[in-house]
Amino acid sequence: MYTELNTSNRILMGPGPSDAHPRVLKAMSTPLIGHLDPEFVSIMDEVKSMVQKTFLTQNHLTFVVSAPGSAGMETCLVNLLEPGDEIIIGVNGVFGGRMTDIAERCGAKVHKIEKQWGDIITVEDVKKVLNICPKPKLLALVHAETSTGALQPIKEISDLVHNAGGMLMVDAVTSYCGVELRVDDWDIDAIYTGTQKCLSAPPGLSPVSFSDRAVQALENRKTKVQSWFLDLSLVKNYWGGSKRAYHHTAPVSSVFALRESLRIVLEEGLESRWERHNAVHQVLKAKLEKLGFKYLVEEQHRLPNLNSVFLPNGNDEALIRNKLLKDYNIEVGGGLGDFAGKIWRIGIMGESCTLNHVNMLISALEDMNEFKGV
Ligand SMILES: *Cc1c(COP(=O)(O)O)cnc(C)c1O
């Protein structure tokens with residue numbers, strides 16, 4: 001027989017999802033209303049305005065894709081790229097690789113800036129590739145590379161691509177509401193994020209935003225967008241405009257949860273939230289280093305909310321990670337790609353970014369017989 005759902009009370013300190021605030025879970029259990037109910041339409045308007053505030057943008061074309069972060073990535077690429085377009089993509093981890101795959105499926109010509117995992121893409125790297133591809137349509141970067149824990153500088157690269165007549169696209173899935181991110185100040189043309197990382201809402205939605213430059217590019221398309229579901233010319237009327245038209249049925253309960261999580265972010269204040277992530281990171285870092293963990297990424301490029309660390313010598317990472325989950329209810333992430341079996345990815349995101357979380361993890365490690373600290 002199938003039993004009643006009864007999952008363990010986990011403490012989520014991996015690369016996402018992160019712990020959700022009880023207010024968010026409560027909002028999720030609000031009785032359903034129709035997605036074209038005037039009450040739901042105003043909720044969509046509120047969500048849109050809160051997404052603009054948290055992205056620090058005035059962009060009109062700002063809304064929420066009804067699918068996870070990866071669909072936000074695909075939305076940006078399939079709408080901005082046409083066959084034959086040239087795109088420069090920074091590839092220094094999993095997500096740059098995924099962008100490359102999608103861009104190639106769009107028929108674009110991809111120029112990769114390949115760097116070692118854990119490194120960032122520098123201004124010099126971009127200048128070099130602009131010599132080979134002087135007029136890209138798009139330059140795409142991952143702001144917070146969750147597979148490595150590297151924080152990509154965006155602002156200093158923005159002018160380079162705009163001076164070359166191209167647009168700047170940014171993956172902000174793990175940076176949004178966790179580290180400094182300013183869409184208008186940094187002149188970002190296309191951005192997408194996810195709900196389950198530093199926003200601490202359930203997974204499954206992807207806030208996106210497009211500059212006027214990007215809207216112009218959409219209007220100038222010669223070919224149809226290859227995806228019906230993600231075609232902005234169709235979906236944009238669902239999230240705005242004077243006449244709401246049916247496009248698909250929005251995941252009503254997830255939008256309720258998203259609304260509440262955005263309210264929580266704005267109550268705390270974006271800048272206080274960025275500071276909190278940094279302060280908790282400093283404490284976690286000191287405690288991890290005392291136990292003998294070593295960071296993968298150089299200090300000045302480290303992401304505070306995703307800590308990629310090598311375990312002290314003589315530890316079986318998978319064994320300890322599984323024991324943390326089973327005996328202590330704490331989830332941390334393992335490594336991806338070349339770092340599988342070598343590193344841990346410890347997330348302190350949103351509701352999971354508290355001193356209490358840090359203390360629980362460190363105490364569990366100290367308590368565990370199998371873990372050998374220095
Ligand atoms: C998690 C993540 C994604 C994908 O988001 P999903 O919600 O898992 O689809 C994309 N980019 C980065 C940097 C991420 O961390």
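Can you name the residue in segment 345-367 that is in a helix (DSSP H, G or I) and polar (S, T, N, Q) and is also least open to solvent (accessible area, probe 1.4 Å) among such residues?
Among residues in segment 345-367 that are in a helix (DSSP H, G or I) and polar (S, T, N, Q), the one least open to solvent (accessible area, probe 1.4 Å) is S352.
Do we find a residue being out of contact with any Asp or Glu (no Cβ under 8 Å at 6 or more places or on another chain), open to solvent by less than 10 Å² (accessible area, probe 1.4 Å), within 16 Å of the ligand (Cβ to nearest atom) and outside any strand (DSSP E or B) anywhere in segment 36-51?
Yes.
Taking D159, is it surrounded by fewer than 19 Cβ atoms within 10 Å (Cβ to Cβ), within 14 Å of the ligand (Cβ to nearest atom) and modelled with pLDDT of 95 or more?
So D159 does not fit the description; no.
Just give me the residues in segment 53-82 being out of contact with any helix residue (DSSP H, G or I) (no Cβ under 9 Å at 6 or more places or on another chain), open to solvent by less than 10 Å² (accessible area, probe 1.4 Å) and either more than 9 Å from the ligand (Cβ to nearest atom) or among the hydrophobic types (A, V, I, L, M, F, W, C) (or both), in sequence order.
Hit for segment 53-82 is F55, nothing else.
Out of (1) in a helix (DSSP H, G or I); (2) open to solvent by 10 Å² or more (accessible area, probe 1.4 Å), what's the single condition that is false for L262?
(2)
Suppose we filter D184, D159 for residues that are within 23 Å of V110 (Cβ to Cβ) and either in contact with a strand residue (DSSP E or B) (Cβ under 7 Å, 6 or more places away or on another chain) or not small (G, A, S) (or both); which single one remains?
D159
Which residues, counting only those in segment 123-147, are open to solvent by 20 Å² or more (accessible area, probe 1.4 Å) and in contact (Cβ under 8 Å) with a residue 24 or more places away in the chain?
V123, D125, K127, L130, P134, K135, K137
Can you spot a residue in segment 230-250 that is assigned by TED's automatic domain parsing to the domain that holds V183, modelled with pLDDT of 95 or more, open to solvent by 30 Å² or more (accessible area, probe 1.4 Å) and not β-branched (V, I, T)?
No, segment 230-250 has no match at all.
Pick from G118, G107, G90, G97: which is surrounded by fewer than 20 Cβ atoms within 10 Å (Cβ to Cβ) and within 16 Å of the ligand (Cβ to nearest atom)?
From the options G118, G107, G90, G97, the qualifying one is G97.
Quick one: in segment 327-344, of everything that is open to solvent by 50 Å² or more (accessible area, probe 1.4 Å) and out of contact with any Ser or Thr (no Cβ under 9 Å at 6 or more places or on another chain), which residue is modelled with the lowest pLDDT?
Restricting to residues being open to solvent by 50 Å² or more (accessible area, probe 1.4 Å) and out of contact with any Ser or Thr (no Cβ under 9 Å at 6 or more places or on another chain), the top hit is D338.
Quick check, is P17 on the phi < 0 side of the Ramachandran plot and surrounded by 16 or more Cβ atoms within 10 Å (Cβ to Cβ)?
Considered against the rule, which asks whether it is on the phi < 0 side of the Ramachandran plot and surrounded by 16 or more Cβ atoms within 10 Å (Cβ to Cβ), P17 comes out as yes.
For segment 213-237, what are the residues that are aromatic (F, W, Y) and within 16 Å of the ligand (Cβ to nearest atom)?
If the condition is that a residue be aromatic (F, W, Y) and within 16 Å of the ligand (Cβ to nearest atom), then F229 is the only one that fits.
Output yes when any residue across segment 269-283 is open to solvent by less than 20 Å² (accessible area, probe 1.4 Å), under 18 Å from S352 (Cβ atoms) and not in a helix (DSSP H, G or I), and no when none is.
Looking for residues that are open to solvent by less than 20 Å² (accessible area, probe 1.4 Å), under 18 Å from S352 (Cβ atoms) and not in a helix (DSSP H, G or I), one finds none in segment 269-283, hence no.
The values are calculated or read from the model by the stated rules, or taken from the named source; none is laboratory data. It should be emphasised that the depicted structure is a prediction, and the values quoted were computed from it without experimental measurement. Note that each Cβ is placed from the backbone with ideal geometry, even for glycine, and that neighbours are counted across all protein chains shown. Protein only, heavy atoms only, side chains kept; ligands, DNA and RNA dropped before computing areas. Shrake-Rupley method; radii C 1.70, N 1.55, O 1.52, S 1.80 Å.
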